[in-house]
Structure formats: structure tokens, C-alpha cells
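Comments concern the structure below.
The values are calculated or read from the model by the stated rules, or taken from the named source; none is laboratory data. Predicted model only: the values in this text are computed from it and were never measured. Here Cβ is always computed from backbone atoms with ideal geometry, including for glycine, and neighbour counts include all displayed protein chains. Ligands, DNA and RNA are stripped out before the accessible areas are found, and what is left, the full protein with its side chains, is counted by its heavy atoms. Shrake-Rupley method; radii C 1.70, N 1.55, O 1.52, S 1.80 Å.
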Amino acid sequence: MGHSATGEVICYKEMDKDDHFYGFGEKTSFLDKRGEKMTMWNSDVFAPHNPEIDALYESIPYFMTVNKGKAHGIFFDNTFKTVFDMKSSDETYSFSAEGGVINYYVLAGPSPKDVIKQYSYLTGRMPLPPKWAIGYHQSRYSYETEDEVRELVQTFKDKQIPLDAVYLDIHYMNGYRVFTFDEERYPNPGQLIADLKNEGIHVVPIVDPGVKVDPEYSTYQEGIQGDHFCKYMDGKIYNGDVWPGNSAFPDFTNETTRNWWGEKHDFYVDKGVEGIWNDMNEPAVFNETKTMDLAVVHGNDGYPKTHRELHNVYGLLMGKATYEGLQERLNGKRPFLLTRAGYAGVQRYAAVWTGDNRSFWEHLQMAIPMCMNLGISGVPFCGPDVGGFAHDTTGELLARWTQVGAFTPFFRNHSALDTVQQEPWEFGEDIEAITKKYINLRYIWMPHIYSLFKEASDTGVPVMRPLLLEYPADPEVFNLSDEFMIGDSVIIAPILHPDKNHRAVYLPKGTWINYWTGEEYSGQEYHLVKANLDTLPMFIKKGAIIALGQEKRSTEEKDKRVTFHVYPSMDGGDYFFMKMTGGPLITRKERLLKAMCVMK
Ligand code: MIG
């Protein structure tokens with residue numbers, strides 16, 4: 001073993017002038033990755049997230065080629081640092097790795113949706129999340145005390161803004177020790193969690209992998225006694241600085257360690273927790289390389305490998321340990337896990353948020369292709385920090401971002417220490433009315449959105465889609481990065497610039513109805529659409545049926561009534577009903593409705 005033993009491997013393929021490339025997990029820049037060169041190496045990037053930075057928190061060495069409407073995919077199953085070069089030549093592209101072998105799967109398509117089905121058949125699909133996980137979530141680094149959390153929840157209640165979850169960032173812990181609560185800030189967490197649950201709100205604590213080196217701390221003691229920490233070949237434990245100071249890192253490549261970590265979640269589950277937030281699991285370390293020493297040798301259940309080889313799966317395996325640990329403890333309730341780092345297959349365990357973005361309009365713009373490409377990469381449950389994490393947001397940006405967030409699969413407002421508060425009411429009454437309107441809209445649209453989650457969990461086809469998935473042969477959508485679809489018949493075309501209340505909207509083949517005004521537009525054309533600050537441009541395809549529910553305080557409140565909005569089309573298309581079955585609404589070819597159905 002040693003560095004010299006790991007030779008670089010590379011595979012070249014012909015590139016056609018009509019090839020366009022999608023997927024690649026969590027990447028900056030636009031939708032179509034032709035002309036980009038991208039590295040897969042899980043990295044904690046506080047700043048900047050811009051087109052020059054191509055390695056972020058997630059590494060998914062997979063992409064889809066679409067050529068004149070026909071698609072195929074390639075999954076390069078290599079956990080080393082990999083590079084995808086769709087830039088250096090017009091005739092060839094390549095993918096390479098620092099080590100390992102050229103082992104890749106070709107997913108034959110022929111449609112883009114087929115490729116996603118095939119890829120997710122191979123790497124796994126998202127389990128249907130609990131409904132509360134797709135409601136509106138509020139976070140802040142940090143809500144530092146129990147009183148602050150209670151006051152926050154009371155404000156949501158007073159203002160009648162729906163809320164499903166509150167996040168506890170690192171300040172809830174005793175000196176950043178995972179599996180502890182600070183006794184002064186959070187004297188009675190079990191009571192807090194129970195009281196919030198009575199209000200229909202879940203509490204999601206953050207859990208980082210770093211375990212503080214402290215001989216008086218039980219998690220550290222257990223880790224040492226059980227031989228759970230990452231170490232060098234000579235047996236010396238690797239230590240690195242993270243929030244708790246000098247820390248050791250569980251070796252999630254071993255099943256015994258994953259089980260131990262899973263069991264540790266009794267601590268949270270006993271207090272009523274049903275969701276966990278994993279951060280810093282690239283793993284991030286405060287040093288020059290920003291991660292663990294590559295010479296660390298992971299146990300890997302008896303097949304030892306260096307951190308150089310297994311770095312990209314550390315977060316995935318932490319997710320597996322956490323998700324399975326929660327699942328075993330929740331008596332049949334579905335767990336929720338949010339993660340920052342991951343590898344191909346991360347969707348089996350966790351939702352993904354796109355890390356430390358900033359309160360820039362550019363980052364609102366970038367979040368859309370980033371999430372669409374994550375969806376193509378098998379990760380349907382994703383979203384950015386709404387309002388932006390670092391930097392100070394503005395009322396206008398928060399309003400526009402909340403409009404987008406209402407339709408991204410994961411919908412959480414989160415902001416950093418030392419930035420202005422960005423809860424929905426922080427920017428005056430006008431902005432509050434807008435953020436409230438769109439958080440409410442999320443709940444009204446919940447039956448439809450939840451049905452799409454069900455579809456994604458069954459087939460892998462994402463909730464949030466580029467138009468390309470539905471219209472793969474339409475050249476106008478090959479790189480359309482500022483519009484997205486929810487399912488196959490709704491287009492969201494948000495305003496993504498300050499001081500704008502008009503935009504050009506491309507609508508593909510078909511006839512489209514403005515959700516707000518009922519106005520009709522013909523497809524395969526650009527339209528200039530007006531959208532004042534309180535309007536998110538939304539278009540429904542003629543022929544669609546949309547199931548909508550009602551405003552409510554949280555998803556714990558059941559819909560008393562679901563309304564089917566039918567957008568009849570004269571071309572006599574078939575209509576599919578949505579049927580209630582026990583829990584979620586699912587799409588079924590239940591009954592054929594004719595165009596005379598209830599008009600919207
Ligand atoms: O080094 O826990 O991306 O969401 O608020 C920063 C504090 C650590 C980074 C996460 C962010 C979180 C923050 N964390």
C-alpha cells in the first residue's frame with residue numbers, strides 16, 4: 001500500500017456535437033455541463049460557491065448524456081477523487097480517478113426518465129419521507145436557548161404562519177459534544193420537544209461526526225473502548241480540530257461502529273426526536289487540506305482502505321448509520337435525515353441541502369440548476385438554504401427565495417451567525433404577507449407535492465425537474481436553468497433578479513394556463529410575463545389535474561377536503577385521478593375523465 005500504488009485511471013469517449021450533459025450531483029453553474037470540468041471530492045466550501053468551484057459537499061460520479069432527445073447514463077463507480085472533463089476537447093470527453101479501476105455502468109435509456117429509473121434502480125431510491133419533512137422548516141445558526149425556540153414557535157402561531165420543524169444548530173450542545181444538551185441553554189429538552197410536538201412541530205438537532213477528545217466524556221470513552229475511531233496503520237487514532245476542539249472521528253466504514261452510532265441515537269429518540277441533521281460529514285476538519293489525513297486507514301469491515309479511497313463515502317456511511325439507527329428506534333415511524341455530504345446512493349438515507357450558500361441573487365439563481373441536476377442524479381429530496389445562509393439577506397430576496405422554496409422539494413429557511421435575522425416576518429408587513437402567502441401555498445399544494453414524492457420514491461423520477469426531462473428533444477430547454485417543473489405538468493418560472501417584475505418565460509409544446517390569472521399561452525414560444533413582488537409565475541399544462549388541499553398550521557393537521565383542479569384540454573387526452581389510500585395521495589390510472597369535468 002502507499003501512494004505510489006494508486007495509479008491514475010482514465011477513460012475517454014467520443015463526444016458528439018449534439019451531446020449535452022446533466023447530473024454530476026451537486027455542482028455550481030448552469031444546467032448543461034457541456035464545457036465544464038468537474039472534480040468529485042467532498043469538500044466543505046464556506047466560500048465561494050461559484051462556477052470556478054466544482055467540488056462541493058456531495059460527490060455523485062454519474063451523468064446523463066442527452067442527444068437529440070435520446071438519453072443514456074454513465075455511473076462511474078469509483079470512490080477515489082474523480083474528474084469529469086467535458087471541456088478540454090470538442091471531440092472527446094473523459095472521466096478519470098486517482099486510483100482504483102475503470103468500472104462503470106451504462107444506463108441505456110432511451111429517455112432521460114428511463115435513465116434516472118435505471119440509475120436509481122442500481123443505487124437505490126428515496127424512501128417516502130414522513131409528511132412533516134416536506135413542510136416548511138425554520139432554522140438558524142443558532143436558536144441558542146429553549147426560550148428562544150419557544151418564542152419563535154409562538155411567533156409563528158401568533159402570525160398564523162405554518163411550520164413543521166425547528167432546527168437546533170451546534171449551540172444546543174454542551175461544548176459541542178454530540179449526544180449532549182447544554183444544561184443551562186436547554187435545561188429540559190424532552191419537555192420542549194413534547195410541547196412542540198403537541199403544536200404539530202418537530203425538532204431536528206444537528207449531529208456532527210467529530211467526537212471531542214475528552215476522557216471524561218462518555219461518547220469519547222465508548223469510542224475508545226469499542227475501537228470505533230479512525231486510525232492510522234500503526235493503530236494511532238487520528239485527531240483533528242472541529243467545533244468541539246481536538247476530536248476523533250467514528251469509522252463509519254465498519255458495521256460495528258455504524259451500529260454503535262445508531263444506538264447512540266437513543267439519546268435523541270428517547271426525548272421525542274424523529275429527525276436528525278448531519279453536518280461536517282465530508283468530513284470537514286479545520287486544517288489546510290480541510291479534511292482528514294489521507295493516510296488514515298479505514299477498517300472497512302475487514303477490507304482496509306485509505307481515506308484517500310474512502311473519503312467520498314464517509315458522509316454516506318454516516319447517513320446509513322444514522323438513518324438505520326433512527327429507523328430501528330422509531331417503532332415504524334418514518335425517520336427524517338438531512339445531510340450535507342454524500343455519494344451515489346445518498347438518497348436511500350437522507351435529504352440533501354446544498355450547504356453554505358450566501359444571500360446573493362446569484363445563489364438563488366444557481367440553486368435551481370443545482371437542485372435539478374441533483375434530481376437527475378437520483379437525489380429528489382434537496383433544496384438550498386432559503387434566504388441564503390451567509391451574508392445579510394434583504395426583504396426582497398427573501399420574498400423571491402421563499403417563492404422558489406415553496407416548490408423545491410426541501411423547504412428550509414436557514415441563516416448564519418452574525419447575519420441579520422431572516423425569519424419570515426423580519427422585513428416588515430409587506431414582505432411578511434408575501435412569505436406567508438407562499439408558505440401557505442406550499443401547504444395548499446401539499447397533496448400534489450406529496451404525490452410527486454411518492455412517485456419519486458417508486459421510480460426515482462424527481463419531484464423538481466428540468467423541462468428537459470419532459471421535452472428532451474426541444475433545443476430551447478437543453479440549458480434552461482431559470483425555470484423548473486414540479487411533476488410533468490407544472491412550470492415554475494420565478495423572478496431571480498432584484499427590482500424586476502417582468503420576465504421572459506419559455507413554455508414548451510402544449511397549451512399552458514397561468515395559475516393566478518387563468519390566461520392561456522401557446523407553447524414553443526417565449527412570453528413576457530408580469531410578476532410583482534407578490535407573484536410567482538406558475539403555469540399548468542392543459543390536460544392536467546392538480547390535487548390541492550388547504551392552508552393549515554402544520555402537516556399534522558389533516559386536509560378536511562382535497563380539491564381536484566382539472567385543466568381540461570380539447571384534444572381529448574386521458575385524465576388520471578388521484579386517490580387517497582391510507583397515508584399519502586398517490587397517482588393512479590384510476591378513472592378516465594372526459595374534458596367536461598369540473599372546470600377550475
Ligand atoms: O462550520 O453548525 O453548513 O448549515 O449552520 C460551520 C454550524 C458549521 C455548517 C453548515 C451550516 C451550519 C454550521 N455548519
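What the table shows:
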item	result
Condition met for P409 (surrounded by 24 or more Cβ atoms within 10 Å (Cβ to Cβ) and in contact with a Ser or Thr (Cβ under 8 Å, 6 or more places away or on another chain))	no
Flag for E222 being assigned to a helix (DSSP H, G or I), open to solvent by 20 Å² or more (accessible area, probe 1.4 Å), at pLDDT 95 or above and acidic (D, E)	yes
Pairs where the first residue, in segment 262-289, is within 21 Å of H414 (Cα to Cα) and the second is in a loop (DSSP other than H, G, I, E, B) and among the acidic types (D, E), C-beta under 8 Å, 6+ apart	N278/D208; D279/D208; M280/D44; M280/D208; N281/D208; E282/D44; A284/D44
Qualifying positions in segment 509-556 - part of a strand (DSSP E or B) and touching a helix residue (DSSP H, G or I) at 6+ places or on another chain (Cβ under 7 Å)	I546, A547, L548
Residue match in segment 548-565 (condition: at positive phi and either open to solvent by 20 Å² or more (accessible area, probe 1.4 Å) or touching a Ser or Thr at 6+ places or on another chain (Cβ under 7 Å) (or both))	no
Where L398 falls short, out of the listed (1) at positive phi; (2) more than 15 Å from the ligand (Cβ to nearest atom); (3) more than 18 Å from the chain's Cα centre (by Cα)	(1)
Subset of segment 514-540 (residues that are surrounded by 12 or more Cβ atoms within 10 Å (Cβ to Cβ) and at positive phi)	Q524
When residues of segment 110-125 are limited to those that are open to solvent by less than 10 Å² (accessible area, probe 1.4 Å) and touching a helix residue (DSSP H, G or I) at 6+ places or on another chain (Cβ under 7 Å), the one nearest to G69 (Cα to Cα)	P112
Candidate set from segment 279-297 (those that are out of contact with any Phe, Trp or Tyr (no Cβ under 7 Å at 6 or more places or on another chain) and buried (at least 21 other Cβ atoms within 10 Å of the Cβ)); member that is farthest from V346 (Cα to Cα)	V285
Of the criteria (1) over 25 Å from P244 (Cβ atoms); (2) small (G, A, S); (3) in contact with a Gly (Cβ under 7 Å, 6 or more places away or on another chain), which one G315 fails	(1)
Filter result for T402 (buried (at least 22 other Cβ atoms within 10 Å of the Cβ), in a loop (DSSP other than H, G, I, E, B), of a type outside the set (A, V, I, L, M, F, W, C) and touching a residue at least 24 places away in the same chain (Cβ under 8 Å))	no
Qualifying positions in segment 417-438 - open to solvent by 10 Å² or more (accessible area, probe 1.4 Å) and within 16 Å of the ligand (Cβ to nearest atom)	L417, D418, T419, V420, Q421
Identity of the residue in segment 191-219, small (G, A, S) and open to solvent by less than 10 Å² (accessible area, probe 1.4 Å), that ends up farthest from G262 (Cα to Cα)	G200
Hits in segment 23-46 - residues which are under 22 Å from D293 (Cα atoms) and not in a strand (DSSP E or B)	W41, N42, S43, D44, V45, F46
Scope segment 160-180; condition closer than 29 Å to T402 by Cβ and part of a loop (DSSP other than H, G, I, E, B); matching residues	Q160, I161, P162, L163, D164, D169
Identity of the residue in segment 351-390, within 14 Å of the ligand (Cβ to nearest atom) and β-branched (V, I, T), that ends up farthest from the chain's Cα centre (by Cα)	V386
Residue in segment 335-350 that is farthest from the ligand (Cβ to nearest atom), counting only those that are of a type outside the set (A, V, I, L, M, F, W, C) and touching a Leu at 6+ places or on another chain (Cβ under 7 Å)	G345
Tally, over segment 272-298, of residues that are over 26 Å from the mean Cα position of the chain (by Cα) and not small (G, A, S)	7
Where N312 falls short, out of the listed (1) more than 16 Å from the chain's Cα centre (by Cα); (2) within 16 Å of the ligand (Cβ to nearest atom)	(2)
Residue under evaluation F80, criteria (1) over 23 Å from H307 (Cα atoms); (2) more than 22 Å from the chain's Cα centre (by Cα); (3) open to solvent by less than 40 Å² (accessible area, probe 1.4 Å), criterion not met	(1)
Tally, over segment 187-225, of residues that are among the acidic types (D, E) and within 16 Å of the ligand (Cβ to nearest atom)	1
Leading residue by the ranking (surrounded by the most Cβ atoms within 10 Å (Cβ to Cβ)) among those in segment 146-190 that are within 22 Å of V386 (Cβ to Cβ) and without any contact (Cβ under 8 Å) to a residue 12 or more places away in the chain	E148
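Yes/no per residue for (1) more than 13 Å from the ligand (Cβ to nearest atom); (2) of a type in the set (A, V, I, L, M, F, W, C); (3) farther than 18 Å from G299 by Cβ:
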site: D241; (1), (2), (3): no, no, yes
site: T253; (1), (2), (3): yes, no, no
site: V273; (1), (2), (3): yes, yes, yes
site: D279; (1), (2), (3): no, no, yes
